[in-house]
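Below is one structure, written out as structure tokens, with a few remarks after it.
We did not get these values from a lab; they are worked out from the coordinates using the rules stated. Keep in mind it's a predicted model, so treat the numbers as computed, not measured. FYI the Cβ positions are ideal-geometry reconstructions off the backbone, even for glycines, and counts take in every protein chain you see.
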Amino acid sequence: MIKMMKTMTATAILAVASGAAAGPGVEVGDTAPGFTLEDATGTSVSLSEYEGSIVVLEWTNPDCPFVKRHYSEGSMKNLTSAYSEIGVVWLTINSTNYMDAAANAAFVKKEGISWPVLVDQDGTVGHAYGAATTPHMFIIDGTGTVVYEGAIDDDPRGNMEAGARTNYVSQALNQVAAGKAVSMPETKPYGCSVKYKQ
């Protein structure tokens, strides 16, 4: 466990150091860049399909220890389940340069994922948003505006009890769904650096 935490901490430092490689991307208040990507089954999914809905974008890499921890703990599955009831759309994007549809399909099967996991192997969409880490979260409101970007929670080292964490995504979704402004619209993302194509 100690070894794993040291590895995760070292990876977090690397992610912060290399985050600039993602490019400027979007800022809170910007209109979310449109995109069309294929999911693990080869079906095209466009952001425009969800016009008027609240959309969460989650950047992922199944090889990343931070991603593995959150999926092991059920972080993403619990959020998608809780907020699908109010019509929140969840899209997971994999901009890892060495992962194709087959790799995504294996990830979907292993984790029992019921929402789209999209292939962005050339990194076009990741760069458009400025996704720097896995995970890196973005929330788009019903008007197509980015209202949150950053970390999933305030526990980068994974050493807090689940109930003691502030889940920034859940907090923001509650506020957006209630028609309120997001009180903490931007946080520092943590995780592995996105492995963009060089």
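A few comments on the model shown:
- Only residues that are surrounded by fewer than 18 Cβ atoms within 10 Å (Cβ to Cβ), out of contact with any strand residue (DSSP E or B) (no Cβ under 7 Å at 6 or more places or on another chain) and not in a loop (DSSP other than H, G, I, E, B) were counted in the range 22-50, giving 2.
- Residue within the range 143-150 that is in contact with a Phe, Trp or Tyr (Cβ under 6 Å, 6 or more places away or on another chain) and charged (D, E, K, R) present: yes
- Filter pass, Ser53 being assigned to a helix (DSSP H, G or I) and either in contact with a strand residue (DSSP E or B) (Cβ under 8 Å, 6 or more places away or on another chain) or of a type in the set (S, T, N, Q) (or both): no
- Scanning the range 143-198 for residues that are more than 13 Å from the chain's Cα centre (by Cα), without any contact (Cβ under 8 Å) to a residue 60 or more places away in the chain and outside any loop (DSSP other than H, G, I, E, B) gives Gly163, Ala164, Gln171, Ala172, Asn174, Gln175.
- Candidates are the residues of the range 154-175 that are surrounded by 22 or more Cβ atoms within 10 Å (Cβ to Cβ) and of a type outside the set (Ser, Thr, Tyr); the one that is nearest to Tyr71 (Cα to Cα) is Val169.
- Taken over the range 104-151, the residue count meeting the criterion of being crowded, with 19+ Cβ neighbours inside 10 Å, farther than 21 Å from Val28 by Cβ and small (Gly, Ala, Ser) is 1.
- Members of the range 93-105 found to be farther than 15 Å from Cys64 by Cα and not charged (D, E, K, R), listed by number: Ala101, Ala102, Ala105
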